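Working notes for the structure below.
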Amino acid sequence: MVQGAQVMPAEPSSAITDETNTSTMMNSHEDFQIGLNRSQKFTLGLVLLVLVDIIWVASSELTKYLYEEEAYQKPLFTTYVKTSMFCVYLLGFLVYSPWRDMCSWSSSNSYVLMDPNVEDTNYFTDSPPPLSEPTYVPLKRPECSRSTSKSSGTESDDSGVRSVRFSKLAEVRQMSEEEATAALMARLSYTASVRADQIARRAANKLPVSKVAWLAFTFCVLWCMANYSYQAALEYGDAGLVSLLSCAAPLFTLLLSAAIPSEPMDRISLSKIAAVAMSIAGASTVCWSSLSPSFPLGASLALISASLYATYLVSLKKKVPSEEALDVPMFFGFVGLFCLLGLWPVVAAFHALGLEKFEWPTRPQWAVMFLNGLIGTVLSEVLWLWGCLLTCPLVGTLALTLTVPLSFLADALLWQVQYPLRVYIGAIPMVAALIWAGFLSSPGANGERSAPRDPLARWILIGWNKLTSPRNSFSRYWCRAK
């Protein structure tokens, strides 16, 4: 009797499973971004920032209603509740399989991008064996199968009929992760392979869960301080003065981006200084009628809020240079978790020191806070940070200043408040500053952002050269006069 072993094909490795799950469970905005070039992503960022401005104006109206109509002036507790609502994004680990896969990935499952210009044999010179050590599993065969066979034609006629009995164990070997991924890529069509390569590059560039959580822990303090100082400035200071000083955020962003640039486009230029000056001049014109110098505490808190927002945004852009590297909803989910666990002692300390007496909100106050937090914080902050990563910190903070004229426009439309003409005239340079900054920071024709544009300095230099040229009549007259 002859015994044999049946070698069964290896089961698909986890690399194939992870790749398949990742490619099929990508969310809609990631699929949308893959097909966009740099210029289209920049335009999408501008649209998102303008949409966030509209949401924030509606949120400010809800905050005003909560403070004035509901008489619940608790900026710290309000900030704590709205920030803790970011925890809703952590539900993604339950319903979104790529997030769960990121938690279970080991270092051997990480994506490695191979250089297509290098010969394939270089990658397997010192590589481990492609198949694992054999394992033996019980072999399942139909009971009706017969284990008899006739003699082959190469044997002698007198050999008779031989009976062959196979082993009841099957030898199984598994492919390695690298081999399984390579086999999967080799079976794909050209279009599918290009798509899979884009997904692999995005996965390789994405920050792991541990680094996202660490970034959230680092920046949640800055974010909470910026939000609380702005809410407190609205309580202790004049609304017009607070709005005007909050428009200093682009100035802080410009200086910080020049000090710690994340890309060459962040370098300071005369054109960027002109854009910031236009924005501040427009905000001064809009808020001039409501300025009051009798609230120094509110003014100080507004400046602190503007500087903290600029620091938070520039530092995060330095840590995350690409919008594809950071999963923004996951980031804010961890921000909400850390604020939920770490900010309640601050609320208790403020209550004990008498800085803000804690009062349990009524049901209508809870409803206003929940609606304001869900739309004005949970949704808008994610869209704002996403738009800032798609564009640049300066454009993001300049778009933030548009909430000032939009809030005046909302009061005029909703509450029939009459404002002087200079309010609407002042909005023109603010919008122009955002468009000008967008032009300066937008990618070039090749989609790259290698160096900042400075057309204002170039125009001044051209004008000076023409003015001092010997062919200029004014220059000749000036030389003869001397």
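Derivation of every value follows stated rules applied to the coordinates shown; laboratory data play no part. Just so it is clear, the model here is predicted, and its values are computed rather than measured. Positions of Cβ are generated from backbone atoms using ideal geometry, with glycine treated the same way; all protein chains shown enter the neighbour counts.
Structure notes:
- For the range 346-412, the set of GluC sites (Glu not before Pro) satisfying both a DSSP loop assignment and a count of at most 14 other C-beta atoms within 10 Å is given as 359.
- For the range 164-236, the C-alpha radius of gyration divided by 2.2 N^0.38 Å, with N the number of residues, is 2.29.
- Cα-Cα over 29 Å, subset of 41/206; 74/317; 319/357; 41/318: 74/317; 319/357
- For the range 318-469, alpha-carbon Rg relative to the globular expectation (2.2 N^0.38 Å, N residues): 1.51
- Radius of gyration, Dmax [the range 327-377; alpha carbons; angstrom]: 13.6, 39
- Within the same chain, lysines fewer than 8 places from residue 140 are excluded, and of the rest, those with a Cα less than 21 Å from its Cα are 168.
- Label point distance in nm, residue 418-residue 348, each placed 7 Å from Cα along Cα→Cβ: 5.4
- Percentage of interatomic Cα-Cα distances in the range 314-402 larger than 20 Å: 54
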